[in-house]
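See below for the structure under consideration.
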Amino acid sequence: MAAPYIPPPDGLFADWLLNFSSLITSNPTSYGLTAGDATAIAATNTSFQAAYSVAVDPGTRTAATVAAKDASRATAEATCRPYAINVRNNNAVSDALKVGLGVTVPNLIPSPIPAPTTAPLLGLINATPLEMLLSYKEVGSLGKGKPFGAIGVEIWRSIGLVAATDPAQCQFAGTVTKSPFRPGFIDADRGKIATFFARFSTRSGPAGVAQVGPWSASLVSHII
């Protein structure tokens with residue numbers, strides 16, 4: 001299988017290979033290669049360019065010349081791919097030289113995952129003795145999806161004689177990744193009021209710290 005930076009069309013591949021060979025031949029050491037490497041690359045380039053020219057010329061294009069071109073291309077890719085990988089992974093070779101050569105510049109700095117900007121919408125599906133079945137979805141979403149980068153929903157809850165009015169009055173109950181979910185209670189909770197708040201969270205963000213989104217509206221229900 002061709003590397004991502006190797007163009008699939010034969011015409012573009014011919015241009016890519018010619019550029020690859022010419023630059024390395026002119027100064028192999030700047031790419032961390034040797035004169036012998038440049039010679040091997042130049043030989044496979046010469047072979048492919050000749051086979052390609054014959055295969056695309058209407059006067060010489062036959063099933064045999066096309067097959068010869070395909071075989072020559074396979075050889076050229078197999079020869080050049082390891083050199084391209086070596087150049088790509090060589091930190092001593094500048095990104096500008098890599099781009100000019102037509103190889104992929106590795107992205108060594110992952111993009112941070114941004115904090116979610118939407119809140120979950122909590123819903124009560126049903127309540128049974130010492131258990132509730134709750135659901136969540138992104139506000140404005142028709143399904144159960146989470147916003148980009150979010151891996152779950154932090155659930156915070158309060159159990160008392162009155163409903164909580166702020167997430168600061170609640171305790172962290174865990175992170176759920178699927179909707180619906182079932183929070184449980186103990187026998188001493190019967191007859192009390194459970195208040196839930198939730199917010200989306202990411203796996204990581206800037207400096208590897210998880211990001212959280214805005215708080216949901218409260219969901220309040222009696223425990224039976």
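Structure summary
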quantity: Global geometry of segment 1-47, whether rounded, prolate or oblate, following the gyration tensor of its Cα atoms and the 1.5 cut on a/c; calculated: prolate
quantity: Cα→Cβ-extended label distance, 7 Å offset, between Val139 and Lys192, nm; calculated: 2.9
quantity: Net charge dipole size for the chain [Lys, Arg +1 and Asp, Glu -1 on Cβ; Debye, nearest 20]; calculated: 520
quantity: Distance between modelled label sites at Arg203 and Ala43, nm, 7 Å Cα→Cβ extension; calculated: 4.5
quantity: Globularity ratio of segment 4-119, using Cα Rg and 2.2 N^0.38 Å; calculated: 1.34
quantity: Cα gyration tensor, the chain - rounded (a/c under 1.5), prolate or oblate; calculated: prolate
quantity: Charge tally in the Cβ shell below 13 Å around Ala163, where Lys, Arg are +1 and Asp, Glu are -1, Ala163 excluded; calculated: +1
quantity: Of the DSSP H helices in the chain, those whose Cα atoms cover at least 20 Å axially and whose Kyte score averages 0.0 or more; calculated: 10-26, 35-56
quantity: Linear extension gain, Glu131 paired with Ala210, 0.36 nm per residue minus alpha-carbon span; calculated: 25.5 nm
quantity: Exposure ranking of Phe148, Phe196 by accessible area [1.4 Å probe, largest first]; calculated: Phe148, Phe196
quantity: Nonlocal amide H pairs with Ala217, under 5 Å, H built at 1.01 Å; calculated: Leu122
quantity: Fully extended contour minus Cα-Cα distance, from Thr62 to Gln171, at 0.36 nm per residue; calculated: 31.7 nm
quantity: Distance between modelled label sites at Ile85 and Ala217, nm, 7 Å Cα→Cβ extension; calculated: 5.6
quantity: Protein-only accessible surface order, largest first, of Lys178, Lys98, Lys146 at 1.4 Å; calculated: Lys178, Lys146, Lys98
quantity: Label zone at Leu18, where the point sits 7 Å out along the Cα-to-Cβ direction: segment 26-51 residues whose backbone N lies under 14 Å; calculated: 45-51
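The values are calculated or read from the model by the stated rules, or taken from the named source; none is laboratory data. Predicted model only: the values in this text are computed from it and were never measured. Glycine also receives a Cβ, built like all others from the backbone with ideal geometry; neighbour counts cover every protein chain displayed. The area values use the complete protein model at the heavy-atom level, side chains included, leaving out ligands, DNA and RNA. Shrake-Rupley method; radii C 1.70, N 1.55, O 1.52, S 1.80 Å.
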